[in-house]
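Engineer: Quick one: the structure is below, questions incoming.
The values are calculated or read from the model by the stated rules, or taken from the named source; none is laboratory data. Because the structure is predicted, anything quoted here is derived from the model rather than measured. Reconstructed Cβ throughout: ideal geometry from the backbone, glycine too, with neighbour counts over all protein chains shown.
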Amino acid sequence: MQFLLTAINAKFIHSNPAIYSLRAYAGEKLQPHIALAEYTINNRMDEILSDLYSRRPNAIGFSCYIWNWNLIQELIVELPKVLPETDIWLGGPEVSVETSGILEKFPMVKGIMVGEGEETFKDIMAYYVGNGRPEIGSKYHNFRDIPGLAMKGKETRRRNLTDLNDLPFFYDRLLVHDSSGSHIDGQSLGNRILYYETSRGCPYKCAYCLSSIDRQMRYRDIKTVKRELKFFLSQKIPQIKLLDRTFNCRRERALEIWRYLVENDNGVTNFHFEVAGELIGEEELALFKSMRPGLIQLEIGVQTTNWDTLKAISRNTDIAHIGKAVGIIREYNNIHIHLDLIAGLPFEGYESFKKSFNDVYAMRPHQLQLGFLKVLKGTAIWERAREYGIVCHDKPPYEVLYTKWISYDQIQKLKQIEEMLELYYNSNQFMYTLPVLQQAFASPFELFEKLAGYYREKGYFTSSPARSYRYQVLLDFAICHTGLRKDLIKELLTFDYYLRENAKSRPAFCGDLSRHWDEMCIFYQMEEKNPQYLENYSGYRARQVMKMTHMEAFYYDVWDSGKEVELRRHHSPRFVLFDYEKRSPVTGQAAGQVVEFPKSYRI
C-alpha cells in the first residue's frame, strides 16, 4: 500500500512543511507506505497528472491552499480517469470550511481531513495498512469512525488541538549535508526556504485572517526549539521562515529565542519572523541593534492607518509606536523590514487608502507590500461581506472586486500602483533616485499614481520593459513629469544602477567616462601596489580589479539624496568605487566608497 502526499507550492523556492509533518507523525511503522511529491503552480496540469500516474499510488492526498486550489480541482477531476482505483483525500485550510459543498461537487473525493491533520492522517494510514490490526496501531474499523474527517453524508467529531511537543522534528532525518550541499529527499535546498513553527494559534482576532479562528495558543518547548534551531544553524541553511502567526505575542519567549540566535549565529542563516510591531519595546530594540546584518528580518502587518477600519477588523494597532520602532530599526541598517497594507477593507475608500499608504511609506520599510483583501471562508469578514458590500471573486484567492467604499475602477487603479511599487520600490533598484523624484509630488502615493498613469499611456502594462530598461523609463518619466534637472536624474540612476550590478554594457543614460580614464587607471595601479580601499583584492592585477569593481564620476553628491538636502552640482567630479564583493545582506547593494586623493569616506 502506498499513500502519496502531494504538495503544489506557489514557487520552487518554497517547501511544504505540512506533508513532511504528516509523514513524520505517522511513525516508523507506517512511513515506508508514505511517499511525497512536490510541484509548483507553474507546472502544467498534464505534467503533474502524468507524474502522479507514473507513481500509481493506492491513495493520494492533496494539501490545499488558496494558491493551488484551482489547479487541484482540475487534477481531481482527471485523476479517476487514469487511476480509477486510487482514493483521493484532501486537507488544508482551503477545504476545511464548507466541506459538504466540496464533497458534493467532487464525488470522486473519498474524504477531507479537517483542521490539523497529523493525528487524523496517522489513523487513516493505520487503517489502510493494518485494516484494524492493533499491532499497526489501528483503532478504527471504518474510515467513517475516524475523528477529524468529513465524508459523504457525515462529518466525524472534531479532534482536540495538537500538542506541539508531540510533533517530531522531521528536518533532522530529511536534511543531509554532503560535499554537494544540503539535500531534502534528493532535492537541493541550496536556494529553498525552509519553514518552521514554534507555536500555533494567534491571540488576535483580525477579521480577515483564518488564524483568528484558532485563538488557543500552543507553544513548542523552548529547549526543544533551541535544539532544533541549532540544527538549522549547524547545516547553514540560507533562510528559515517561522510560521508563527505573531512570533512576539509572548514577549519573554521571543526575546529568549532571539538572544539564542545572536549567541549561536553562524554568519549565514537568515530567520524571518512575523511580529506585532506595537509589542516591540526598548529591550527588543537593544537586542536588534546587536545583531549581525541579515541575521533576521521582520514582517509587520500594519494593514491600514484608518481608525474606523482598524476597529472594524478587530485590530488595536498603535500606529505611532510601530512607526517609531520601525524608524529606529531602520537606522540600525542590519534588519530587513517588511510592512504590509491591505486595500479593500471596510471603511477604507481610495482617499483613505492613499493616506494609509503615505503613512506607512513614511516609515521607510525595505519592502512595502500592497495587498488586496482576500475574503477567506470562515473568517469574520466573510460572514459580514454582504453587510459591508464586499464583492469578491468566486474563485481563489477570493480577492476583493469592490466594496461600499471603494469602486472596481479604483481597485484596478491600485493594482497598477502596486505593480509600480514592486518594480521601483520593493526591487531596491532605485533607492537613491526615488527620494529626489518624490520631492516633485505632493506625496509618495501621487508619485506612484502618476508613474502608473505613465505606464498606461505608454502601453508598458501590456508590454513590460526589461529590468535594465526600467531605468530609462524612469528617466523619461522624470523628464516629462518632475521638472528636475536631467543631468541630476541621470546621475542618480547611474548611481542606483551600479550599486546593483557590475554591468558589462553601459546604459545610454550614463555619462561619458572616457575623459576620466587616465585618473581611474592611476587609481587602480596605486591600489595594486599599495591597497587602501581594495584590500580584499590582494593578488589581482590592476586590470583584473577594474573588471571586478566599478568606478564612476559624479558631479552631484547623489549618495545624499535620501537626507533631504539640496543636491548641487560641483565644478569637478568626485569618484565612487563600487565593490561587488561587499554587498549589504539587507538590501543586496554593493559597497560604495567615495574616493578622494588621498581622502575617502564610506556611504
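Engineer: Taking the condition in the same structural domain as Thr246 (by TED's automatic domain parsing), farther than 25 Å from Ile41 by Cα, touching a His at 6+ places or on another chain (Cβ under 8 Å) and not aromatic (Phe, Trp, Tyr), does His336 pass? Walk me through it before giving the result.
Structural biologist: Working: in the same structural domain as Thr246 (by TED's automatic domain parsing): yes; farther than 25 Å from Ile41 by Cα: yes; touching a His at 6+ places or on another chain (Cβ under 8 Å): yes; not aromatic (Phe, Trp, Tyr): yes.
Yes.
Engineer: Moving to a separate point now. May I ask you to verify whether Phe441 is assigned to a loop (DSSP other than H, G, I, E, B), over 27 Å from Gly592 (Cα atoms), modelled with pLDDT of 90 or more and under 31 Å from the mean Cα position of the chain (by Cα)?
Structural biologist: Spelling it out, Phe441 is indeed assigned to a loop (DSSP other than H, G, I, E, B), over 27 Å from Gly592 (Cα atoms), modelled with pLDDT of 90 or more and under 31 Å from the mean Cα position of the chain (by Cα).
Engineer: Here's a follow-up. For Arg192, work out the one condition from (1) at pLDDT 95 or above; (2) surrounded by 14 or more Cβ atoms within 10 Å (Cβ to Cβ) it doesn't fulfil.
Structural biologist: Result: Arg192 passes all but (1).
Engineer: Can you work out which of the residues in segment 234-260 that are aliphatic (A, V, I, L, M) and assigned to a helix (DSSP H, G or I) is farthest from Met291 (Cα to Cα)?
Structural biologist: We begin by selecting, within segment 234-260, every residue aliphatic (A, V, I, L, M); these are 237, 240, 242-243, 254-255, 257.
Those left that are additionally assigned to a helix (DSSP H, G or I): 254-255, 257.
On the way: Ala254: 15, Leu255: 13, Ile257: 13 Å.
Among them, the one singled out is Ala254.
Engineer: Also, quick follow-up: Tell me, yes or no, whether segment 224-246 has at least one residue that is surrounded by 19 or more Cβ atoms within 10 Å (Cβ to Cβ), over 22 Å from the mean Cα position of the chain (by Cα), at pLDDT 95 or above and not assigned by TED's automatic domain parsing to the domain that holds Tyr39.
Structural biologist: yes
Engineer: Every residue in segment 499-515 that is touching a strand residue (DSSP E or B) at 6+ places or on another chain (Cβ under 7 Å) and in contact (Cβ under 8 Å) with a residue 60 or more places away in the chain, please.
Structural biologist: Those that are touching a strand residue (DSSP E or B) at 6+ places or on another chain (Cβ under 7 Å) and in contact (Cβ under 8 Å) with a residue 60 or more places away in the chain: Leu499, Asn502.
Engineer: Which of the residues that make up segment 147-165 are in contact (Cβ under 8 Å) with a residue 12 or more places away in the chain and either loosely packed, with under 13 Cβ neighbours inside 10 Å or of a type in the set (Lys, Arg) (or both)? If you could, list the steps in order and put the result at the bottom.
Structural biologist: Residues of segment 147-165 in contact (Cβ under 8 Å) with a residue 12 or more places away in the chain: 147-152, 155-156, 158-159, 161-165.
Hits for segment 147-165 are Lys152, Arg158, Arg159, Asp163, Asn165.
Engineer: Here's another thing I want to ask about it. Anything in segment 583-603 that is closer than 30 Å to Ala362 by Cβ, of a type outside the set (A, V, I, L, M) and either outside any strand (DSSP E or B) or modelled with pLDDT of 90 or more (or both)? List them, or say none.
Structural biologist: Correct list: Arg583, Ser584, Pro585, Thr587, Gly588, Gln589, Gly592, Gln593.
Engineer: Looking only at segment 421-439, count every residue that is of a type in the set (Gly, Ala, Ser) and either in contact with a His (Cβ under 7 Å, 6 or more places away or on another chain) or surrounded by 21 or more Cβ atoms within 10 Å (Cβ to Cβ) (or both) and tell me the total.
Structural biologist: As a first pass, look at segment 421-439 and keep what is of a type in the set (Gly, Ala, Ser): 427.
Going one step further and asking which of them are either in contact with a His (Cβ under 7 Å, 6 or more places away or on another chain) or surrounded by 21 or more Cβ atoms within 10 Å (Cβ to Cβ) (or both), we end up with none.
Within segment 421-439, residues that are of a type in the set (Gly, Ala, Ser) and either in contact with a His (Cβ under 7 Å, 6 or more places away or on another chain) or surrounded by 21 or more Cβ atoms within 10 Å (Cβ to Cβ) (or both) number 0.
Engineer: Taking the condition within 19 Å of Ala150 (Cβ to Cβ) and crowded, with 20+ Cβ neighbours inside 10 Å, does Leu103 pass?
Structural biologist: yes
Engineer: If you check Asp221, Asp308, Asp318, which single one turns out to be surrounded by fewer than 21 Cβ atoms within 10 Å (Cβ to Cβ), over 23 Å from the mean Cα position of the chain (by Cα) and closer than 22 Å to Leu167 by Cα?
Structural biologist: Exactly one residue qualifies, and that residue is Asp221.
Engineer: Within segment 54-70, track down each residue that is under 19 Å from Ile19 (Cβ atoms) and either of a type in the set (A, V, I, L, M, F, W, C) or out of contact with any Ser or Thr (no Cβ under 8 Å at 6 or more places or on another chain) (or both).
Structural biologist: Result: Ser54, Arg55, Ala59, Ile60, Phe62, Cys64, Tyr65, Ile66, Trp67, Asn68, Trp69.
Engineer: Got a sec? Which of Ile13, Ile19, Ile8, Ile66 is closer than 27 Å to Val375 by Cα and part of a strand (DSSP E or B)? Lay out the reasoning, then the answer.
Structural biologist: On the way: Ile13 fails: part of a strand (DSSP E or B); Ile19 fails: part of a strand (DSSP E or B); Ile66 fails: part of a strand (DSSP E or B).
The conditions single out Ile8.
Engineer: Among the numbered criteria (1) assigned by TED's automatic domain parsing to the domain that holds Asp579; (2) more than 20 Å from Val576 (Cα to Cα), which one does His516 miss?
Structural biologist: Condition not satisfied by His516: (2).
Engineer: Still on this model: Mind checking whether some residue in segment 210-219 is in contact (Cβ under 8 Å) with a residue 40 or more places away in the chain and over 27 Å from Ala385 (Cβ atoms)?
Structural biologist: Yes, segment 210-219 contains at least one residue that is in contact (Cβ under 8 Å) with a residue 40 or more places away in the chain and over 27 Å from Ala385 (Cβ atoms).
Engineer: Does segment 453-462 include one or more residues that are outside the structural domain of Tyr556 (by TED's automatic domain parsing), within 29 Å of the chain's Cα centre (by Cα), polar (S, T, N, Q) and loosely packed, with under 13 Cβ neighbours inside 10 Å?
Structural biologist: Yes: one or more hits.
Engineer: Take the residues in segment 521-565 that are among the basic types (Lys, Arg) and in a helix (DSSP H, G or I); name whichever of them is farthest from Tyr580 (Cα to Cα).
Structural biologist: Lys563
Engineer: Output yes when any residue across segment 12-26 is of a type in the set (Lys, Arg) and surrounded by fewer than 17 Cβ atoms within 10 Å (Cβ to Cβ), and no when none is.
Structural biologist: No; the residues of segment 12-26 include none that is of a type in the set (Lys, Arg) and surrounded by fewer than 17 Cβ atoms within 10 Å (Cβ to Cβ).
Engineer: For segment 488-498, does any single residue satisfy the condition of being surrounded by fewer than 16 Cβ atoms within 10 Å (Cβ to Cβ) and touching a residue at least 12 places away in the same chain (Cβ under 8 Å)? So that I can check it myself, show each step before the final result.
Structural biologist: Applying the first criterion (surrounded by fewer than 16 Cβ atoms within 10 Å (Cβ to Cβ)) to segment 488-498 yields none.
No, the conditions are met nowhere in segment 488-498.
Engineer: Would you list the strands (runs of 3 or more DSSP E) that sit entirely within segment 90-185 and hold 2 or more residues that are at pLDDT below 95 and among the aliphatic types (A, V, I, L, M)?
Structural biologist: 175-178
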